[in-house]
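The block underneath contains the structure these notes are about, expressed in structure tokens.
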Amino acid sequence: MTAAATAGPAIELRGLRKTYTKGKKITVAVDGLDLVVPRGQVFGLLGPNGAGKTTTVEICEGLTEPDSGHVQILGRQWHQGDDRALRQRLGVCLQETKFHEKATVRETLVLFASFYPGGRSVDEVLALVSLQEKADARQASLSGGQRQRLAVATALLGRPELLFLDEPTTGLDPQSRRQLWEVVRTFRRDGGTVVLTTHYMDEAQQLCDRIAVVDHGKVIALGTPAELIRSLGAEHFIDLDVEPDALGTRVAAADLEALPGVQATRLSGEQAALTVASVHRALPAVLELLAARGIALRGLATRHATLEDVFVHLTGRHLRDEGAA
Amino acid sequence: MTPRIVRAVALVSLREFWRAPDAVFWTYGFPLLMAIVLGFAFQAQAPQPLPVAVIAGAHADALAAQLRQSPRLAVERLDAEAADRALARGRLALLVRATDDGPVLRNDPTRPDAELARLLAERALRPPADDSAAPLSVEAEDRPGSRYIDWLIPGLVGLNLLGAGMWGIGFNLVHLRTQRLLRRLVVTPMRPREFLLGFLIGRGILVVPEAAAITLFGVFVWGVPFRGSLLAFLLLVLAGGFAFMGLGCLLAARPRTIESIAGLTNLCQLPMWLLGGVFFSNERFTGVLRWAVEAMPLTHINRALRDVMLEPTGVAAVVLPAAGLVGFGALCLLVALRWFRWT
């Protein structure tokens, strides 16, 4: 194994581009994406559905061929030598996989364990994902969370250096999500690198050391969750819900932004979201202004800024917006 | 019942179908294509003459000459042993032999065309205008090894091998593709050939008990003889199973939907069902049909299985057809591996 294969970043993508053609319609899935994923981190690709996250990950996994661009995974490139040796070092959990319905959990793991000589034992992996009690249960009897943990278990069998998890918690209940998060944290503690795609901001915020926000096939922001939130210029939000026909007429965004501590304002119907540096300075001023203009307040909440706010700030859309792609 | 709901459900079902081009093709295009191809194949063809043999002996020439007066009969002269074998293998519809009491006809009335051949022969040998002639003797062929059931059972074994390969392999591979399990497997260090080989062994091992079940049923329930080598039979079952499993892999190499693999399988299987020599003999076909049936692996497996079950055939005699079947399966597998769509 060369030095490049054991040192350097886990993933290096430069000028990655991938388009899909259906009839006369050309869809650009990845549009000149650049990315470096350091080793030993949980790296999140955050973006709405159709942003290009899965295509990017599948290119990294060697499942999809890019139209152009440079791809280096653990110091190696696909189709440049022994792909099998590279696959031995990767763990993959695809967005959607249905294993053999009539196979038990253990039988499924035995099948995948056969691909990885010297990998973890089936019992070891069952313990890692807390599925010991379901070892002899068939697929059909597993819950969504248990199926997803089994999918992660198949990815952990080969003691991978780099683990790809493509939206691993989509559709899961909160408890199942937290169980999977624990699996990811354990893997990272043991020195592994994780690439996680998600459109759940809380998941990205909880798990990721670094995050690339992806939209329309490009990385539009990159940093730690704290850095991304700090990039908003303020870390708090005041959400206002006021009487109809008041915002934009009796009080303008500029009026709100002129108040002390308010960095930015976003108006939407009867709601206003104010980005503020310090809640204790901004809040009295806001209430005073509304009272002076005779605007009735129907609701008020203060909260910390989230990655969702970062995404909205960058794109003007919410992460969960349908058709965001 | 709410008509609005029924209408909405009907519309969704219709759109689901209409927006799947492969489903539309296999539903509308394929039957039309079959109608065109079969229409051309059977268009303006005179009915095939029915094969009749006159057993060599006294008066055989005269009998043959009388029978040849019917343009619907193809008459040949055979010695008794060859004639019996030909009747057992479905190559003949009727045997005629001369006796001191007049001609005796022999057929298995359960076979397709057997009774038509008898009626045509009776008309040729005893014209309706000739009231003075004595009625002809007719013997039903019911000796084990010469009946229709004896001929049918090996064909059913062949048909079962065909189904196991085409549906058991092809259908299931595409099912795994639609489940995205193949995608998951291909990102592991497993080699594609390891997967396909394992898959074939897992499914292929079942063809032996399946073939044994049909054969034992035929032998013990219907009294079908088993005159050849058991080892030769096993060799043929494995080779035939491999050939059809290879074909199943080839058909499953690209399709992304169940509709597509079902259509492709029918496209391949239907002609073999009809012409592969399962339910009626294909030995008498000529011209393009002869070429077509010889190109079908089912023809060769059925022919060899009948050799082994109905005649004292040993391993040496089946090595060549078995090798041909294995070669066909291997070629299909190689092409399938090259074309195989994992994603």
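What follows is calculated from the coordinates using simple rules that are stated; it is not laboratory data. Note that the structure is a prediction, hence the values are computed from the model and not measured. Using ideal geometry, Cβ is built from the backbone for each residue, glycine included, and neighbour counts are taken over all protein chains shown.
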Taking Rh as the Kirkwood radius, which is the inverse of the mean 1/r over Cα pairs, what is the Rg/Rh value for region B:192-286?
1.03
Tell me the angle of helix B:207-222 to the major Cα principal axis of chain B, expressed in degrees between 0 and 90 and rounded to the nearest ten.
30 degrees
Relative to the first principal axis of the alpha-carbon coordinates of chain B, what is the inclination of helix B:30-42, with its axis defined by its Cα atoms, in degrees from 0 to 90 and to the nearest 10?
20 degrees
Efficiency of FRET from Cβ geometry, residue B:288 and residue B:30, R₀ 22 Å, rounded to 0.05:
0.60
With each label point set 7 Å from Cα along the Cα-Cβ vector, what nm distance links residue A:80 and residue B:339?
3.4 nm
A student asked for the Cα radius of gyration and Dmax of the protein assembly as shown in angstrom ought to give 37.1, 131
Region A:233-304: Rg/Rh from Cα coordinates, Kirkwood Rh?
0.91
Give the relative contact order (percent, whole number) for region B:148-339; include only Cα pairs under 8 Å separated by 6+ residues.
37 percent
Can you figure out the FRET efficiency of residue B:219 with residue A:220, using R₀ = 51 Å and their beta-carbon distance, to the nearest 0.05?
0.10
Just want the ordering: B:307, A:173, from fewest to most Cβ atoms lying within 10 Å of their own Cβ.
A:173, B:307
Would you please classify the overall shape of region A:1-127 from the alpha carbon gyration tensor, given that a ≥ b ≥ c denote the square roots of the eigenvalues, rounded means a/c under 1.5, and beyond that prolate means a/b larger than b/c while oblate covers the rest?
oblate
Just from the alpha-carbon atoms, what are the Rg and Dmax of chain B in angstroms?
24.9, 86
Hey, in the GNM for chain B with a 10 angstrom Cα cutoff, which one of B:14, B:234, B:136 fluctuates hardest?
B:14
Inverse of mean 1/r across different Cα pairs in region A:122-236, Kirkwood, Å:
15.5 Å
Listing A:35, B:331, B:162 from the residue with the fewest other Cβ atoms within 10 Å to the one with the most, what is the order?
B:331, A:35, B:162
Counting only residues 5 or more apart in sequence or on a different chain, those whose built amide H sits under 5 Å from that of residue B:313 are B:228, B:229
Which entries in A:98/A:218; A:53/A:98; A:53/A:218; A:24/A:53; A:18/A:53 show an alpha-carbon gap greater than 19 Å?
A:98/A:218; A:53/A:98; A:24/A:53
Percentage relative contact order, region A:40-128, counting C-alpha pairs under 8 Å, at least six apart
13 percent
If each part is reduced to its alpha-carbon centroid, region B:80-128 and region A:220-286 end up apart, in Å, by 101 Å
Region A:3-225: Kirkwood hydrodynamic radius (Cα pairs, Å) comes out at 17.8 Å
Assertion target for B:205, A:220, ordered by fewest C-beta neighbours within 10 angstrom first, is B:205, A:220
Neighbour-limited loop hits for trypsin sites (Lys or Arg not before Pro), region A:80-116 (at most 10 other Cβ within 10 Å; DSSP other than H, G, I, E, B)
A:102
Chain A: antiparallel bridges as % of DSSP beta bridges, rounded to 5, reads 70 percent
Contour minus end-to-end for residue A:254 and residue A:175, with contour as 0.36 nm per residue of separation and end-to-end as the Cα-Cα distance?
24.1 nm
Can you pull the mean other chain C-beta count within 10 Å for peptide B:186-197?
5
Which values of log₁₀ I(q)/I(0), to two decimal places, follow from the Debye formula for region B:50-140 at q = 0.12, 0.14, 0.26 Å⁻¹ with a uniform point scatterer at every Cα?
-0.30, -0.42, -1.52
From the Cα centre of region A:152-175 to that of region A:1-77, the distance in Å is 18 Å
Residues whose modelled amide H sits under 5 Å from the amide H of residue A:67, counting only those 5 or more places away in sequence or on another chain, are A:17, A:18, A:19
Sequence-distant or interchain residues sharing an amide H contact under 5 Å with residue A:42, placed H: which?
A:194, A:209, A:210
In degrees rounded to 10, the 0-90 angle between helix B:230-251 Cα long axis and the longest Cα principal axis of chain B is 50 degrees
